[in-house]
Every structure is written in C-alpha cells, then in structure tokens.
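Every number here is computed from the coordinates shown, using simple stated rules; none is lab data. Here the structure is a predicted model, which means the values were calculated and not measured. Here Cβ is always computed from backbone atoms with ideal geometry, including for glycine, and neighbour counts include all displayed protein chains.
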C-alpha cells in the first residue's frame, strides 16, 4: 500500500493505492476515506505493472499537471436554481443527515452533522423553509464552500 497527498485545483486529497490487480489493470484506491476501484487506462495486463513515483522534493502543485483531465472523486451536484443554499463552513466528512427532501425546517434546526478536525459540528438552518434538495450523502468528503442543502 502506498500513501500520497495530492493537491488538485486547490483541494487536498489523501490517496492510498491498496491493491493493483496485475491480470486486469484494476486498482483499489482510497481517496479521503472513500474506496474506489479504478481501471488504469493504457496499462498492459500482466506484462507491465503501473508504477507510481512520488513527486520530486522541490515540486509543488503548480508543477504537477495530469496527463488527462479526470473528474473530481467527490460527487458533483447540479447548481440549485432557487432557494437558500446551505454551504459547508469548513472541510470535513458528513457524519449524519438529520433531514430529508420535503421536510419543513425551522431557523436554527440542525440539518446535518459534519466531522471536521475530529470534532462533530452541527450545521443548522439559517431560516425556516422546506428542504428542496440534499446535495451530499452520509460519508461524503466536502470542502469549504461546497453546497450541502437547498432550502426553499
């Protein structure tokens, strides 16, 4: 298993490459605690195993560019068209969702619990309304400023 810390477009990702299947060019990769099975494009099965080398000590994120544009491992949600969007105040992981789509909420009601820096933080509604959409799921890693919930 190899551990890496990547900074992509200003977002930090902790990446672990656990297992590479030599026969099918599949790898088990963990990004910020979420497991993915990825296929390594262009890898030859059994003949050549992909090698990952750490960046040189003097390298910074501006010097490292991906060979091909890859989507972010987080869930990308469509931008809401109306209503109040509750944004993430700091990077962390969604521990629990306390509301469902269609629920009526009051100002100050806890919408979700966010774990950040080993602390549980209640994310509360700024105003009363109805939950129009939930843009994250339990266990998702979120960054500061990400849209979490839309209240109409």
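Here is how the numbers come out for the structure above:
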| read-out | value |
| --- | --- |
| Gain upon complete extension [residue 104, residue 122; 0.36 nm per residue less C-alpha separation] | 4.7 nm |
| Point-to-point label distance, residue 26-residue 14, nm (Cα→Cβ direction, 7 Å offset) | 2.6 |
